[in-house]
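Comments concern the structure below.
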Amino acid sequence: MNAEAADPYDALAPHYRSFASGRAAYLAAVDAFVRENLPPAPRSLLDVGSGDGVRAMALAASCSIGRVVLSDASAAMVERCRALGAADVWAVPAQDLPATETFDVVTCLWNVLGHVPGRVARLAALRRMREALAPGGRLFLDVQNRHNAAGYGWWRVLGRIALDALMPDERRGDTSFDWRIADKTLRGHGHLFTPAEVSSLLREAGLRP
């Protein structure tokens, strides 16, 4: 059965744990990188695009971070986040994060930024994340690389690199995909980034890699 949900993340929510378990090695590697590069003695964490919130809560616990705020635009995901005992849960998209407090650590992982529609909104989201950083705080951003030869094959990526150099157009990274969950196929939409695009966004948002 195919499902073109008004919010595919609401439809994904009941199956999110099994979906994430299929990518456990990748997620664990990213989490290890975050743990190894935290600022000294972090006390607070904001996770942007938390999904069901389990991953962010586990990451914070492993780092002895006491205050955790989760956020997601999906009502079904937010409902799951609120069952986990986080300090707060914000039901907002990344580009509308409230400027109410700052955090030692902000995480935006698993290509959450790629699910923010359009460059203007993605830039707004990064600026909101920058504003949410406490002095000395760090933002951890994990996106999908459109020029990832290991993931997409050398010949395809070489063609993409050449085309992007000759006729730059960030909209070329917009993509649709299917999530196959249980007996359903959910259609999702996202964005694949080039390294140059990420560098440009970070620079315009006032972030320093």
Item checked: Positions within the range 66-86 being part of a loop (DSSP other than H, G, I, E, B), touching a residue at least 40 places away in the same chain (Cβ under 8 Å) and open to solvent by 40 Å² or more (accessible area, probe 1.4 Å), in sequence order -> A73
Note to self: Please count how many residues of the range 106-155 are among the aromatic types (F, W, Y) and in contact with a strand residue (DSSP E or B) (Cβ under 8 Å, 6 or more places away or on another chain).
What the structure shows: 1
Next item on the list: For residues that are open to solvent by less than 100 Å² (accessible area, probe 1.4 Å) and under 18 Å from P209 (Cα atoms), tally how many sit in the range 32-43.
Entry: 4
Notebook entry, point to check: With respect to D164, is the statement that it is more than 20 Å from V30 (Cα to Cα), more than 18 Å from the chain's Cα centre (by Cα), surrounded by fewer than 21 Cβ atoms within 10 Å (Cβ to Cβ) and at pLDDT 95 or above true?
Noted result: no
Item checked: Flag if H147 is open to solvent by less than 20 Å² (accessible area, probe 1.4 Å), touching a helix residue (DSSP H, G or I) at 6+ places or on another chain (Cβ under 6 Å) and either within 23 Å of L70 (Cβ to Cβ) or not charged (D, E, K, R) (or both) -> no
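Restrict the check to the range 75-88 and report whether at least one residue is over 24 Å from S21 (Cα atoms) and modelled with pLDDT under 95.
Scanning the range 75-88, I find no residue that is over 24 Å from S21 (Cα atoms) and modelled with pLDDT under 95, so the answer is no.
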Next item on the list: Among the candidates G114, G51, single out the residue that is assigned to a loop (DSSP other than H, G, I, E, B) and buried (at least 18 other Cβ atoms within 10 Å of the Cβ).
Entry: G51
Margin query: Against the condition open to solvent by less than 70 Å² (accessible area, probe 1.4 Å) and farther than 17 Å from D10 by Cα, how does L192 come out, does it pass?
Written below: yes
Note to self: Yes or no: the range 28-44 includes at least one residue that is in contact (Cβ under 8 Å) with a residue 24 or more places away in the chain, touching a strand residue (DSSP E or B) at 6+ places or on another chain (Cβ under 6 Å) and part of a strand (DSSP E or B).
What the structure shows: yes
Note to self: Need pairs with beta-carbon distance below 8 Å; first residue under 18 Å from A196 (Cα atoms) and within the range 149-168, second at pLDDT below 90; sequence gap 6+ or separate chains.
What the structure shows: A149/V157
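The values are calculated or read from the model by the stated rules, or taken from the named source; none is laboratory data. Just so you know, these numbers come straight off a predicted model, no measurement behind them. Counting neighbours? That spans all protein chains shown, and the Cβs are built from the backbone with ideal geometry, glycine included. Just the protein is used for accessible areas: all its heavy atoms, side chains included, with ligands, DNA and RNA removed. Shrake-Rupley method; radii C 1.70, N 1.55, O 1.52, S 1.80 Å.
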